[in-house]
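To start, the structure under review is shown below, and the notes come after it.
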Amino acid sequence: MADEKQRALDGARVDPDGSRLITQQGVRVDHTDDSLAAGDRGPTLLEDFHFREKVTHFDHERIPERVVHARGAGAYGHFTPYDDRLARYTAAEFLTDPSVTTPVFVRFSTVAGSRGSADTVRDVRGFATKFYTRQGNYDLVGNNFPVFFIQDGIKFPDFVHAVKPEPHNEIPQAQSAHDTFWDFVALQPETLHAVMWLMSDRAIPRSYRMMQGFGVHTFRLVTADGRGTFVKFHWKPALGTHSLVWEECQRIAGYDPDFNRRDLWEAIESGAFPEWELGVQLVEETDEFAFDFDLLDPTKIIPEERVPVLPVGRLVLDRNPDNFFAETEQVAFHTANIVPGIDFTNDPLLQARNFSYLDTQLIRLGGPNFAQIPVNRPVTEVSTNQRDGYGQQRVHRGRTSYTPNTLGGGCPVVGGDFPEVFRHYQEKVDGSKIRKRSASFADHHGQAALFWNSMSEVERTHIVAAFRFELGKVETVEIRAAVVAQLGRVHADLAAAVAEGLGLPLPDLGEPASTQSSPALSQLGQPTGTIATRKIAVLVADGVDGEGTEKILTALRERGATPETLAPRGGAVRTAHGPDLPVDRVVSTMASVLYDAVLVPCGPDSVETLAADGSVRHFVAEAFRHRKAIAAFGTGTELLAAAGIAVDDGDLVVEAGVVTTTKARDEIPDGFVDVFAQEIAKHRAWNRDTREVTA
Ligand code: HDD
């Protein structure tokens, strides 16, 4: 859909069709493979302007990567509010007028790794949205965790230096599993709540399309008559919130380091547009002190059971960028980009961010004119007295660039009424200048315990395993012990389990820091029932039951899934009875970790070939160990047996995510695909016992 933003971008888009080689100065050249030299084997001449232009441009093609969130992927889309239910709270048109669809650009990212690092590392994911509203650009620069690691932005350089690669040898890349990070955690217990999220499955999302987003801070909505309401923003993915398992992440980092980036790109290219629902938690100003934590403390959530999330609108991403650098790399988000109807609070982390984002763009994008870069331009008019600076693209006419003036007719004209113009929320502020954390920010363990209490058994097992993995990589034993001591102040069960795995003595164990829980924090209780865009590996070889396979492929595609046939070699496989079946992938180039589920069709010859190949048996066994849905029909079950997976014979047998039938061809029972789809939609068969099967 060509919205206002896309139409504006059209002016900047350049297509290569039929164009000739012309230099930046507009001169046509006929040769670009050899430099101008003095003689056959002589030196290159300085006057070779074409050579110099080409190489100079190349020499300057890199800009500094983002100091955090360097690796990311972005897409365009649009946001539409469901109705005017927020009109009572805000003057922001894009949140309250259902007839207005606002173009957006969203960039997802990891935090710690460099631009070239792998996607599937254990990390926070950025979820930054630029709304090109008719009242100006609004940036909601959030993460997939609702809490942050520190309470005051003055600690941000310390926190980032601790989590980034260590400065002496730049190791490790994109990992929190090293001494400096955990040293910081042990000494700075305000990190603990976010660390719980980091050790949980939230830190390893299956897809950007399957993760929640949060504005994190408490912001303010402001009505036309200046009334404020506290607000927290939530994004909920239509496909549900799902994660990888840790072993998969490590393997995918090798098989496909672009796993999440590719997934987003391919989904949009295929027309399966990712969607999120925007929700808000609203708190009246009069209830500012109604909680046992401070609303200004970014290490705290407001439990959804306490203040429900009100759904207000829908975000759809439907267009990939044309050029990664021009758009995804040059997009510049800034928490201080707000529009009438939205305002800040005194959250000290937010206040620091309001300085940092503008500052960082100046070095990253080379000067004060980065808002003129096409992806950053608002869809509204821009009219300022700002002139000059690196990269100035506009030709400002006239004599005046100051206010007030008479020579320029008084332009640009100031004035107007809120919400036509932005006006700051008139918060009363009164206090002494002090450098001191508010006592209301003092509890660092309560919500870490709340998070632990809210997890299912499986999720807790993953958290303990993550702590053991990460702390196991820490070389300084005292740091391991200091972190475990902090965990002892969160919850005895957690600390004991981590200590046991590390072979450390039990720290002092008191009462849990909280006995409360918030079921909404658990990912597992929230299945969505859809298998749309799920990738299913279909293992085939010559002699496969083509008829049965086609029938199931069709049924899976009808449900929106993406089945791919994998065979020992490319091209097509001969089927037992009908036409050849095209092969999508050669099995040796792929791994089960790149798929959500596995299907093994019938075919005695096909299965014999596959079962004789150790890497194929490994493929199936690994999918089993990662608790993915697996289905087999007819003799396909023999490959499961060869991989060590025991199945009972029957017309339709379902056992902990393994769906089988002895039938093949047109006798495959109708319910087979339904049941397989149900198992895939559950994301994993958490009740599966995987101990007997090694991959
Ligand atoms: Fe930040 C980038 C999210 C705290 C300073 N941050 C950045 C991005 C996201 C976040 C998603 C990537 C934007 C993009 O895709 O271009 N940051 C957060 C969240 C925070 C947070 C949710 C806490 C609630 N950040 C934070 C603090 C500071 C910064 C406290 C500094 C005091 N963040 C930056 C930055 C970055 C950035 C250095 C790097 C690149 C950029 O801004 O454009 O200014």
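Laboratory data are not the source of any read-out in this text; all were calculated from the coordinates shown. Since the model is a prediction, treat every value here as computed from it, not as a measurement. For neighbour counting, all protein chains shown are included, and Cβ atoms are generated from backbone atoms with ideal geometry for every residue, glycine included.
If you take every DSSP beta bridge fully contained in the chain, what fraction is antiparallel? Give it as a percent rounded to 5. Don't skip to the end; give the middle numbers.
Working: 61 of 80 bridges.
Antiparallel bridges make up about 75 percent of those DSSP assigns within the chain.
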**Report entry** Alpha-carbon spread of the range 72-376, three principal axes, descending order, Å
**Finding:** 56, 46, 41
Query raised in the report: Amide H to amide H, which residues 5 or more places from A238 or on other chains are under 5 Å from it, using H placed in the peptide plane?
Result: E275, W276, E277
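Using the Cα atoms as the points, what is the convex hull volume per residue of the chain in Å³?
Details: hull volume 152.4 nm³, N = 695.
In the chain, the Cα convex hull volume per residue is 219 Å³.
Determine by what factor the alpha-carbon radius of gyration of the range 66-143 differs from 2.2 N^0.38 Å, reporting the quotient.
Values: Rg = 15.3 Å, N = 78, 2.2 N^0.38 = 11.5 Å.
Ratio of Rg to 2.2 N^0.38 Å for the range 66-143: 1.33.
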Report summary line: Net charge (Lys, Arg +1; Asp, Glu -1) of residues whose beta-carbon lies under 11 Å from that of D689, D689 excluded, is +2
Query raised in the report: How long is the range 161-215 along each principal axis, judged by its Cα atoms, biggest number first, in Å?
Result: 37, 24, 19
Report summary line: Sorted by chain and then number, the residues having a modelled amide H within less than 5 Å of the amide H of V312, at least 5 places away or on another chain, are L278, G279, V280
Report task. Could you pull out every residue, at least 5 positions away or on a different chain, whose amide H is within less than 5 Å of the one on V544? Hs are placed 1.01 Å off N in the peptide plane, and Pro or chain starts have none. Result -> A576, S606
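What Kirkwood radius, in Å to one decimal, follows from the Cα pairs of the range 535-681? If you can, show how the numbers build up before the last one.
Numbers: mean 1/r = 0.0690 Å⁻¹.
Result for the range 535-681, one decimal place: 14.5 Å.
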Requested in this report: Can you tell me the dipole magnitude for the range 535-681 around its Cα centre, using point charges on the Cβ only (Lys, Arg +1; Asp, Glu -1), in Debye to the nearest 20?
Outcome: 560 debye
Requested in this report: Of the DSSP beta bridges with both residues in the range 535-681, give the percent that are antiparallel, rounding to the nearest 5.
Outcome: 20 percent
Query raised in the report: Just going by the charge dipole of the range 535-681, with Lys and Arg at +1 and Asp and Glu at -1 on Cβ, which of F676, V647, V598 is farthest out on the positive end?
Result: V598
Report task. Grab every C-alpha pair in the range 444-521, bin the distances at 5 angstrom width from 0 up to the longest one, and report whole percents. Result -> 3, 18, 26, 25, 18, 7, 2, 0
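Add +1 for every Lys or Arg and -1 for every Asp or Glu among the other residues with Cβ under 13 Å from the Cβ of S401, and state the total. The partial results should precede the final answer.
Working: positive: R387, R394, R397, R399; negative: D388.
Counting the neighbours of S401, the net charge comes to +3.
Expressed as a rounded percentage, what relative contact order does the chain have, with Cα pairs under 8 Å and six or more residues apart? Don't skip to the end; give the middle numbers.
On the way: 1378 pairs, mean separation 78.1, N = 695.
Rounded, it is 11 percent for the chain.
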Query raised in the report: In this model, which of K5/K236; K5/K535; K130/K436; K5/K155; K130/K628; K164/K535 are farther than 27 Å apart at the alpha-carbon?
Result: K5/K535; K130/K436; K5/K155; K130/K628; K164/K535
Report task. Excluding G126 itself, calculate the net charge of residues whose Cβ lies under 11 Å from the Cβ of G126, where each Lys or Arg counts +1 and each Asp or Glu counts -1. Result -> +3
